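**Student:** Dropping the structure in here first, questions after.
Just so it is clear, none of the values below were taken in a lab; they were calculated from the coordinates. Note that the coordinates shown come from a computational prediction; the quantities given were computed from them, not determined experimentally. Quick reminder, even Gly has a Cβ in these numbers, built from the backbone with ideal geometry, and neighbours come from all protein chains shown.
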Amino acid sequence: MRVGVIGLSRGLHLAGWCRRLGMEVVAACDRDAARREASRKELPGAVVTGRWEDLLEHRLDGVVLANDFDEHAPLAIAFLERGVHVLSECAACVDEDEGRRLVEAAERSTATYSFAENFVHHPHVRLVRQVAEGGELGRVGLIEADYLHGMSPEVITALIGDPGSWRGRIAATAYCTHTVSPVLAVTGAWPVEVAAFPADEASPRDAVVMTVRLSTGALAVTRHGFLQGEPDSHWSWLSVRGSRALAESVRAPGERSWSVRVRAESWTRADGVAHEEERTPPPLTLNGQRVERQDEGTVRVLQGFEATVERGEPPLVPVRPAVAASLVGVAGAESLRNGSRPVRVPDFSPK
């Protein structure tokens with residue numbers, strides 16, 4: 001399987017895993033000359049260029065889009081129109097119009113669109129999802145998800161204070177798919193309405209809290225940005241409360257942070273005694289070697305992309321859920337501008 005990679009910051013990490021999984025990285029692109037030069041050692045034999053358009057002329061089976069956060073959709077559309085399978089990083093689109101054009105391009109293409117949302121496939125999220133899908137929780141009423149970084153004020157300012165960087169130009173709500181996509185995957189729901197709030201009005205861009213009404217009637221509460229108390233499970237924490245039980249990732253340091261606490265209340269059990277246990281997800285191995293926990297989601301996403309391209313399996317996260325999750329952040333930004341009033345999320349569920 002011949003792939004190209006666009007964006008050689010996060011993309012170089014993805015390219016390395018592509019090669020370890022047996023894909024052939026034949027072309028790569030970045031606007032930054034230093035990144036291009038540094039990538040040549042990591043990608044022997046690949047053509048490295050400064051123009052993404054050059055990759056349209058290569059014979060590619062798939063392309064990995066890891067360019068700037070808010071610039072993925074135009075490239076995805078261009079490659080889909082060439083019949084090249086697309087794996088796009090974690091903002092599918094920047095507004096509803098772009099989302100609709102992306103969906104139309106994906107659904108008329110001979111190729112496929114996959115969303116590179118690795119947080120859906122982190123070990124603790126997969127385990128919570130299994131508990132929910134197995135019926136242990138009953139009807140899900142409340143789901144919470146965090147994507148948080150504990151950083152110093154100086155580092156935060158350097159990240160989001162530069163208008164020349166994508167971090168500096170996106171809305172505070174935009175980087176939401178690491179929380180929203182797991183919510184949609186666990187519940188099987190679609191976002192309906194969102195209200196967004198700054199966590200601290202004195203620093204409104206640092207962190208936001210969003211309440212998202214789901215199509216099932218459940219409520220999701222998502223927190224993302226820069227708050228102290230970063231979870232060890234790759235900045236991710238998930239909690240799901242059902243009508244019969246609770247499942248949530250363990251708030252603990254190190255390896256335990258990938259485990260899941262499951263509690264069933266006494267009235268739900270034949271013995272009348274509440275039962276609580278901690279479940280540990282099985283490790284992922286590759287060629288006999290254990291994959292680091294924080295890389296499991298990335299490896300599973302790339303394995304899924306390969307299965308889609310090579311064997312015709314459906315994308316792990318296809319275009320409509322990708323666009324829906326991204327537009328929660330767009331609607332959330334509108335909510336912030338309007339005093340945290342609820343805003344409807346455009347409906348991208350299949351008709």
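**Student:** Normalised by the number of residues in region 1-140, what is the relative contact order in percent for Cα pairs under 8 Å and 6+ residues apart?
**Tutor:** Details: 226 pairs, mean separation 27.2, N = 140.
Averaging sequence separation for qualifying contacts and normalising by length gives 19 percent for region 1-140.
**Student:** Counting pairs of alpha carbon atoms under 8 Å apart in space and at least six apart in sequence, what relative contact order in percent does the chain give?
**Tutor:** Values: 762 pairs, mean separation 65.9, N = 351.
About 19 percent, as a whole number.
**Student:** Express as a percent, rounded to the nearest 5, the fraction of DSSP beta bridges in the chain (both residues included) that run antiparallel. Could you put the intermediate results ahead of the total?
**Tutor:** Working: 38 of 65 bridges.
Rounded to the nearest five, the antiparallel share is 60 percent.
**Student:** I would also like to ask the following. Kindly identify region 230-351 as rounded, prolate or oblate by the Cα gyration tensor criterion: order the square roots of the eigenvalues as a ≥ b ≥ c, call it rounded if a/c is under 1.5, otherwise compare a/b with b/c, prolate if a/b is larger, else oblate. Mind showing how you got there, number by number?
**Tutor:** Values: a/c = 1.75, a/b = 1.11, b/c = 1.58.
Oblate shape, in that a/c is at least 1.5 and b/c is the bigger or equal ratio.
**Student:** Starting from the amide H of SER114, placed 1.01 Å from N in the peptide plane, find each other amide H under 5 Å away whose residue is 5 or more places distant or on another chain.
**Tutor:** Under 5 Å from the amide H of SER114 lie the amide H atoms of VAL86, LEU87, SER88, each far enough along the sequence or on another chain.
**Student:** Same structure, new question: For region 22-117, which chymotrypsin sites (Phe, Trp or Tyr not before Pro) pass both filters: DSSP loop (anything but H, G, I, E, B) and at most 12 other C-beta atoms within 10 Å? Please list the in-between numbers first.
**Tutor:** Details: sites: TRP52, PHE69, PHE79, TYR113, PHE115; in loops: PHE69.
Taking region 22-117 and a limit of 12 other Cβ atoms within 10 Å, no loop chymotrypsin sites (Phe, Trp or Tyr not before Pro) are found.
**Student:** I would also like to ask the following. Classify region 77-208: rounded, prolate or oblate, from the alpha-carbon gyration tensor (a ≥ b ≥ c, eigenvalue square roots; a/c under 1.5 rounded; otherwise prolate if a/b is larger than b/c)?
**Tutor:** Values: a/c = 1.95, a/b = 1.09, b/c = 1.78.
Oblate, because a/c is 1.5 or more while a/b does not exceed b/c.
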